[in-house]
Amino acid sequence: MKAPRPGSNYRGSSLDFDWVVIATVCILIGIGTVMVYSASVSLADSPKYGTTSTYFLIRHIAALVVGAIAAFFVYHVPMRVWEKMAKPIGIISVILLILVLVPGIGVSVNGSRRWIRFPVFNLQVSEVTKLAAVIFTSWFTVTRQEYMHSFRKGFIPMLAVMGIVTALLALQPDLGATVVVLAIIMGILFLGGISYVILGVVGSMVITMGVGMIIATPWRLGRVTAYLDPWNEENVLGKAYQLSHSLIAFGRGEIFGAGLGASVEKLNYLPEAHTDFIFAVIGEELGFVGVVIVLFLYYRLIRSAFEIGRIAVKMDNIFSGLVAQGIGIWIGVQVCINVAVATGLMPTKGLTLPLMSYGGSAIVATLCGIALLLRVDHENRVQMHGGYV
């Protein structure tokens, strides 16, 4: 179709976006849904869950439906509106982080208080915080663009925000979400032009804080020491139990996998096989080939996010560009951590694999992030045609 003349009233079709992104996301969701069912079907026999073989599959599909509906509404909100709402979104996120710590409001599971209970679902607040971090930090970077090389005017306000969010996440406790949120904030500030000196100083502070949190907490320190020697008899039956069985799963998968549904580790040997360690089940059932395909799909999605963001920035839509690239950072960092934990490259930490693992809040938040990415791409295309949004 012939492109409209520059300066026309062209607003574009609501379906003007990168279909490669849509296809990649759909394939990841499809593989994830199959693997969630495969990894959870045996949990019906576990006394811990005592449920039906399709319980987790049905809830996973329900989360995808809710996420798709939420993404539909997110996509139809112009980026200029998201920019105006960035500050309230950041404030609401902090309020939720406070509420989750209030007894009677926050739900405690296995010693962690990370959820707020609603009549039909539990909201994991840290997932909302990741999305809010992308929007708020992008807005902050745009509004403070001329002060990005000033520690007092350009970074101190964001450092205060980082300190509050980090403290609230640490009280849950949720070290994995803390790492992802800090990576999102620092990544967007870096892309926004923050001084390398400031970045280096803050990076050192974050690393020091992380090491301090590990040393100060015996169970975290135990995970690190177990990670260094997972096959030690004491570790393999204790702190490194998940890691050792994850590595066994990858070993069984070899090149082409044991076959879909043929995983042994999911038979109540590997804990959280349908959530944090779904990548291990993929490795066991689909083998090295399946692992490479999944990683390539993530690479393609992340690359698209940075490309969409780059185009937006070139057209002077700085906020939109930073949002798109922030979503790429979010998904990229979380994938890297999840894969590194499952393959023994990092100590065990509970983080889901985006778009694939079971987990309602994570799925909904990630799909909303993808919707924002598609919105940025849509506005890029409309603007390149000389239209308006």
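Brief remarks on what is shown
- Residue separation of ARG303 and ALA216 scaled by 0.36 nm, minus their Cα-Cα distance, works out to 27.6 nm of gained length.
- Hydrodynamic analysis of the range 105-179 uses the Kirkwood radius over alpha carbon pairs. Inserted into Stokes-Einstein at 4 °C and 1.567 mPa s, it gives a translational diffusion coefficient of 93 µm²/s.
- [x] 51; [y] 61; [z] 75, with the label sought being that of the calculated percent of Cα pairs over 27 Å apart: [x]
- Heavy atoms of ARG252 accessible to a 1.4 Å probe, total area in Å² rounded to 10: 100
- Angle between the chain longest axis and helix 156-170 axis [Cα atoms, degrees, rounded to 10]: 30
- Net lengthening on full extension, LYS87/PHE73 (0.36 nm per residue, minus Cα-Cα): 3.1 nm
- Estimated distance in nm for a label pair at PHE118 and ASP316, the labels positioned 7 Å out from Cα along Cα-to-Cβ: 4.0
- For the range 252-269, the residues whose backbone nitrogen is under 17 Å from a point 7 Å from the Cα of LEU237, taken along Cα to Cβ, are 269.
- Of all lysines in the structure, those lying under 30 Å Cα to Cα from LYS239, and not within fewer than 8 positions of it along the same chain, are LYS48, LYS130, LYS266, LYS349.
- Positive-pole candidate from ILE91, LEU64, TYR196, dipole of the range 63-215, charges at beta carbon: ILE91
- When +1 charges are put on Lys and Arg Cβ atoms and -1 charges on Asp and Glu Cβ atoms, the dipole computed for the chain relative to its Cα centre reaches about 1160 debye.
- Backbone geometry of the range 342-353 corresponds, through the Karplus equation with coefficients 6.51, -1.76 and 1.60 at θ = phi - 60°, to 3J(HN,Hα) couplings of 5, 9, x, 8, 9, x, 4, 8, x, 9, 7, 8 Hz, x marking Gly and Pro.
- Cα-based helix-to-principal-axis angle, 55-75 vs the chain, degrees rounded to 10: 10
- Tilt relative to the chain, helix 175-191 - C-alpha long axis, 0 to 90 degrees, to 10: 30
- Top positive-direction residue, dipole computed over the range 47-121 with Cβ charges, set PRO119, PHE73, VAL107: VAL107
- Full-stretch length increase - CYS336, TYR55 - with 0.36 nm per residue and alpha-carbon distance subtracted: 98.3 nm
- For the chain, adding -39500 (n - 2.57) for each run of n ≥ 4 DSSP H residues and dividing by the number of residues yields -22000 deg cm²/dmol at 222 nm.
- Computed about its Cα centre, the charge dipole of the range 98-154 is approximately 120 debye, with only Lys, Arg, Asp and Glu carrying charge at their Cβ.
- Ordering of 351-358, 243-250 by packing [mean C-beta count within 10 Å, highest first]: 351-358, 243-250
The values are calculated or read from the model by the stated rules, or taken from the named source; none is laboratory data. Keep in mind that what you see is a predicted model, and the values were worked out from it rather than measured. We place every Cβ from the backbone using ideal geometry, glycine too, and count neighbours over all the protein chains shown. All accessible areas refer to the heavy atoms of the entire protein, side chains included, with ligands and DNA or RNA removed. Shrake-Rupley method; radii C 1.70, N 1.55, O 1.52, S 1.80 Å.
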